[in-house]
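Scroll down for the structure; my scribbles are underneath it.
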């Protein structure tokens, strides 16, 4: 990832972590952190599953891009 890239890190269950590129696939605006069991885009209202990143509601037609992570001791490391 580029030096100033951002990630959306979620913990769906204790000890389970996932990371997504926070850019909405619709037009690239940054999505909000999960709230109420959903990740939303403030610009046009697309909604995404916080566990898989899959699109739940458009206008986005594809889900968030997952970024691979591995747990190394107490650290999360990009894979």
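No value in this document is a laboratory result; all are computed from the given coordinates. In this text, all values refer to a predicted model and were calculated from it rather than measured experimentally. Here Cβ is always computed from backbone atoms with ideal geometry, including for glycine, and neighbour counts include all displayed protein chains.
In region 8-73, if every C-alpha pair distance is counted and binned at 5 Å from zero, what percent goes to each bin?
4, 20, 31, 24, 11, 6, 2, 1
Report the label-to-label distance for residue 69 and residue 57 in nanometres (one decimal), using points 7 Å from each Cα along the Cα→Cβ vector.
2.5 nm
Spin-label point model (7 Å from Cα, Cβ direction): what's the residue 5 to residue 77 distance in nm?
About 1.7 nm separates the two model spin labels.
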